[in-house]
Amino acid sequence: MDLLIEQFTAYLKIEKNASPHTLEGYCHDLAEFARFLAAQMSVDMHQVDPGQADYLTVRRFLAELQQKGLNKATMARKLAALRSFYRYLSREELVPANPMLNISTPKLDKKLPQFLYYPEMEALLHAPDNSPAGQRDKALLETIYGGGLRVSELVGLNIRDIDFAIGYARVFGKGAKERIVPLGRPALQALQTYLSGGRLSLAAKFSGQEDGIFLNKYGTRLSDRSVRNIVDKYVAQVSVQRKISPHTLRHSFATHLLEGGADLRSVQELLGHVKMSTTQIYTHITKARMKNVYEKSHPRA
């Protein structure tokens, strides 16, 4: 089983350009399934044969997850890992049958994404000071919000990816898909200030060559976790009383575009969504907000 998981993750990385987060998540979920199979078959982990699992085995696995109190989203993610794994094994003729063919994914409860109202967004963008780290943080916040970037896209940005003449950035999204996104004037100005000032100070602390735009205190590229810590710092500073993540800034980008009159297709392109249905969730946000405004403002609401 271990060897098959290793071969499968190599396939995901090389042929599917899967992100490190996806690989880590799939490995964790498949290892959990392997432990379950070992217990079911009364064998050691290295003796587990995934070909012996049928759809009833998978259903028992799901029942065990449910007993542990896992939510539907987590179970759906684990099912996605198993589907992809057995699809690969079937294609390579490493198992006699695919036990996932008769397994349905639990219907997920739709949750509206969190977003910041524009005054809250403005307060967050103006929170950093003018120190080297502050210049970096302002450029970072402006770039996420100005371009609607994912955290992985942000930390992957290199200096050569920004074209200041036309105001665009080249980013690599899920599956290493390249797209060009416009950046607003405030984001470009913040980036220019940081690149000509704060970044030089941070880069001086590292003896090697670092092409990444956003650097940590050691002069190397920021990690995803560091970006989350930076956002948490300024959220606390401006006293936003909600759970806010870097992805919330991306949600705010999309919501504010739609509220400003942008069409759904353009927002889909800007966000790099493959499916229109993924983008349509933001129309529910704007409708919910309109209803809230109506109920608070109309005398006969």
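The values are calculated or read from the model by the stated rules, or taken from the named source; none is laboratory data. Small disclaimer: the values here were computed from a predicted structure and weren't measured. Here the Cβ positions follow ideal geometry from the backbone for every residue, glycine too, while neighbour counts run over all protein chains shown.
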Segment 219-243, residues that are within 21 Å of Q135 (Cα to Cα) and in a loop (DSSP other than H, G, I, E, B): G219, T220, L222, S223, V238, S239
Considering residues of segment 158-177 that are more than 20 Å from T22 (Cα to Cα) and in contact with a Gly (Cβ under 7 Å, 6 or more places away or on another chain) only, the residue surrounded by the most Cβ atoms within 10 Å (Cβ to Cβ): A169
Enumeration of residues in segment 27-47 that are within 33 Å of the chain's Cα centre (by Cα) and modelled with pLDDT of 90 or more: C27, H28, D29, L30, A31, E32, F33, A34, R35, F36, L37, A38
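Here's a check for you: in segment 16-40, which residue that is of a type in the set (A, V, I, L, M) and under 19 Å from F172 (Cβ atoms) is surrounded by the fewest Cβ atoms within 10 Å (Cβ to Cβ)?
L23
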Answer residue from segment 265-281, given it is polar (S, T, N, Q) and farther than 16 Å from R150 by Cα and is surrounded by the fewest Cβ atoms within 10 Å (Cβ to Cβ) among those: S277
Single match in T74, T143 (criterion: β-branched (V, I, T) and either over 19 Å from the mean Cα position of the chain (by Cα) or closer than 30 Å to Q52 by Cα (or both)): T74
Boolean, L112 is surrounded by 14 or more Cβ atoms within 10 Å (Cβ to Cβ), in contact with a His (Cβ under 7 Å, 6 or more places away or on another chain), of a type outside the set (D, E) and within 22 Å of V267 (Cα to Cα): yes
Some residue of segment 247-262 being surrounded by 11 or more Cβ atoms within 10 Å (Cβ to Cβ), at pLDDT below 90 and either hydrophobic (A, V, I, L, M, F, W, C) or outside any helix (DSSP H, G or I) (or both): yes
Complete set of residues in segment 137-191 that are part of a helix (DSSP H, G or I), over 27 Å from L12 (Cα atoms) and of a type in the set (V, I, T): T143, I144, I159
